[in-house]
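Sharing a structure below in structure tokens format, with a few things to ask.
The values are calculated or read from the model by the stated rules, or taken from the named source; none is laboratory data. What you see is a predicted model, and the numbers here were worked out from it, not measured in a lab. Here the Cβ is made from the backbone with ideal geometry for all residues, glycine too, and neighbour counts use every protein chain on show. Side chains are part of the model used for accessible areas, which takes the heavy atoms of the whole protein and leaves out ligands, DNA and RNA. Shrake-Rupley method; radii C 1.70, N 1.55, O 1.52, S 1.80 Å.
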Amino acid sequence: MSNRVWVCASLLGLLGSVHAADLVVHEWGTITTVHAADGTPAGGLNNIDPGDVLPKFVHRYEPETTRQTPERILGKLPNIPGRPDVTMRLETPVIYFHPPPNKSFTDPIDVTVRFRGGVVNEFYPDAAASVALDRGRIQSKATDGVITEWNGDVLNNYVVGSLQWKGLRLHDTVVAPLTNSEIWLAPREVNSVSVFNAEAGEGEQYLFYRGVAHLDALLATKTTRGSVELLTPAHLTWLEAGTAVIPGVWLADIRKDGLTAFRASPAVTLTKENERKRLANVKRFSDSDYTAEGAKQLRAAMKKALIAQGLFADEAEAMLNTWKASYFQKPGLRLFYIVPRAWTDYFLPLEFSVPARVTRVIVGRIDLH
């Protein structure tokens, strides 16, 4: 049996070419952190559950300096110690391409993404991955005690991972890998144009990447029996404008019996001058708050917010289907929030070799222990 399957997208047609400036690009993804009750972020997040391992055809990147020792490995794997300095998982960003309908788009596209404070170490189709130091930032500060050559020992804000796809082509159909992985299949259910890397002979409905980092969540937390307090985080180096709005925040608790309670918090504003400021106090749940419809209602609220941020309805649905098990079925107390675009562009700068109108929507997730 062939190990590949045809993936269809919206037809491009042959009614004429289109200028690259009319290209629409949409991206969604998740950043995951774990907080203790006092707000201390957990490390070792590259140690993942076996069920979260991606299909074998996904490309992996492990730097030479970390691959030989289990304690130094950056890759997301089960049954490894996990690095204490991995405090954030960048999970399943996917990038969709939408040329105007009934037009052909023939320009090759180069796509580059960088991860400040982290490493991009899983991706599809194949791409060139690397990791280096941000020498400009190092040289602009006192260098006493700061590493100048990255040897894999420390993951911090001076480390920059990068990934580059070159010469991508857009097609109405491609031959994509065959898989039964639900988290891989769900993002395919979008009416976008497929992407093909001719050099690698690989195609998919979307570009995919994910990684790990030593970064904090955008919200600090303090969890008590009665509430979850939301505070401005200690470091806001990315907040160049001075303020940023987190437009959607939801506290959710899924019980082992499947009943779910959730509560939306009003939008909160991060202000650089008020680090560690209390932003909101979200009341926890009583028994009467847990219902069989809670997960469905939470999903509907999040879908509405994702569309308001610029995703198409089928893209929002695909994202929520991708994370159905870990968002809405896995027992636990967790906080969800919409990541401001300023954070995404600072820590995950994304570049295209052709003009494009780009929408980026990242959901933050904090598992509260």
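Would you please list the contacts, defined by Cβ atoms under 8 Å and residues six or more apart or on different chains, that run from a residue in the range 26-41 that is aromatic (Phe, Trp, Tyr) to a residue that is assigned to a loop (DSSP other than H, G, I, E, B)?
Here the result reads TRP28/LEU311, each pair linking the range 26-41 to a residue that is assigned to a loop (DSSP other than H, G, I, E, B).
Would you tally the residues in the range 270-280 being under 22 Å from ARG334 (Cβ atoms) and surrounded by 14 or more Cβ atoms within 10 Å (Cβ to Cβ)?
3
While we're here: Identify the single condition in (1) over 18 Å from ILE362 (Cβ atoms); (2) open to solvent by 60 Å² or more (accessible area, probe 1.4 Å); (3) assigned to a strand (DSSP E or B) that VAL245 does not satisfy, given that it satisfies every other one.
(1)
Let me ask something else about it. Which of the residues spanning the range 218-244 are among the small types (Gly, Ala, Ser) and within 15 Å of ASN157 (Cα to Cα)?
The one that is among the small types (Gly, Ala, Ser) and within 15 Å of ASN157 (Cα to Cα): ALA234.
Can you name the number of the only condition in (1) under 25 Å from LEU236 (Cα atoms); (2) free of Cβ contacts under 8 Å to residues at least 24 places away in the same chain that LYS277 fails?
So the condition that LYS277 fails would be (2).
Looking at the range 83-109 only, could you name the residues that are part of a loop (DSSP other than H, G, I, E, B) and in contact with a Leu (Cβ under 7 Å, 6 or more places away or on another chain)?
ARG83, ASP85, VAL86, THR87, PRO99, ASN102, LYS103, PHE105, PRO108
Name every residue in the range 203-225 that is touching a strand residue (DSSP E or B) at 6+ places or on another chain (Cβ under 7 Å), more than 27 Å from ILE73 (Cα to Cα) and open to solvent by 30 Å² or more (accessible area, probe 1.4 Å), in order of residue number.
LYS222
Test GLY364 against the stated conditions and say whether it is on the phi > 0 side of the Ramachandran plot and open to solvent by less than 40 Å² (accessible area, probe 1.4 Å).
For GLY364, the condition - on the phi > 0 side of the Ramachandran plot and open to solvent by less than 40 Å² (accessible area, probe 1.4 Å) - is not met.
For the range 35-75, how many residues are at pLDDT 95 or above, loosely packed, with under 13 Cβ neighbours inside 10 Å and not in a loop (DSSP other than H, G, I, E, B)?
Result for the range 35-75: 0.
Right, something else. Within the range 334-369, can you find the residues that are touching a residue at least 24 places away in the same chain (Cβ under 8 Å) and of a type in the set (Lys, Arg)?
Within the range 334-369, ARG334, ARG357, ARG360, ARG365 meet the criteria.
Here's another thing I want to ask about it. Is it the case that the range 287-303 has a residue that's closer than 21 Å to THR30 by Cβ, within 19 Å of the chain's Cα centre (by Cα) and open to solvent by less than 20 Å² (accessible area, probe 1.4 Å)?
Yes, the range 287-303 contains a residue that is closer than 21 Å to THR30 by Cβ, within 19 Å of the chain's Cα centre (by Cα) and open to solvent by less than 20 Å² (accessible area, probe 1.4 Å).
Inspect the range 9-21 for any residue being modelled with pLDDT of 85 or more, assigned to a loop (DSSP other than H, G, I, E, B) and surrounded by 15 or more Cβ atoms within 10 Å (Cβ to Cβ) and give the result as yes or no.
No, the conditions are met nowhere in the range 9-21.
Of the residues ALA261, ALA316, which single one is at pLDDT 95 or above, of a type outside the set (Ser, Thr, Tyr), crowded, with 16+ Cβ neighbours inside 10 Å and out of contact with any strand residue (DSSP E or B) (no Cβ under 7 Å at 6 or more places or on another chain)?
Of the residues listed, the single one that is at pLDDT 95 or above, of a type outside the set (Ser, Thr, Tyr), crowded, with 16+ Cβ neighbours inside 10 Å and out of contact with any strand residue (DSSP E or B) (no Cβ under 7 Å at 6 or more places or on another chain) is ALA316.
A further question follows. Mind listing whichever residues of the range 178-197 are in contact with a Lys or Arg (Cβ under 6 Å, 6 or more places away or on another chain) and either outside any strand (DSSP E or B) or at pLDDT below 95 (or both)? Don't jump to the end; show me each part of the working.
Of all residues in the range 178-197, those in contact with a Lys or Arg (Cβ under 6 Å, 6 or more places away or on another chain) come to 178, 196.
LEU178 - this is the single residue of the range 178-197 that is in contact with a Lys or Arg (Cβ under 6 Å, 6 or more places away or on another chain) and either outside any strand (DSSP E or B) or at pLDDT below 95 (or both).
Check PRO41, PRO50 and return the single one that is over 17 Å from LEU215 (Cβ atoms) and not acidic (Asp, Glu).
The conditions single out PRO50.
Working only within the range 339-361, note down all residues that are open to solvent by 40 Å² or more (accessible area, probe 1.4 Å), among the hydrophobic types (A, V, I, L, M, F, W, C) and either in contact with a Pro (Cβ under 6 Å, 6 or more places away or on another chain) or not in a strand (DSSP E or B) (or both).
Scanning the range 339-361 gives a single hit, ALA342.
Within the range 105-126, how many residues turn out to be over 18 Å from the mean Cα position of the chain (by Cα) and crowded, with 21+ Cβ neighbours inside 10 Å?
2
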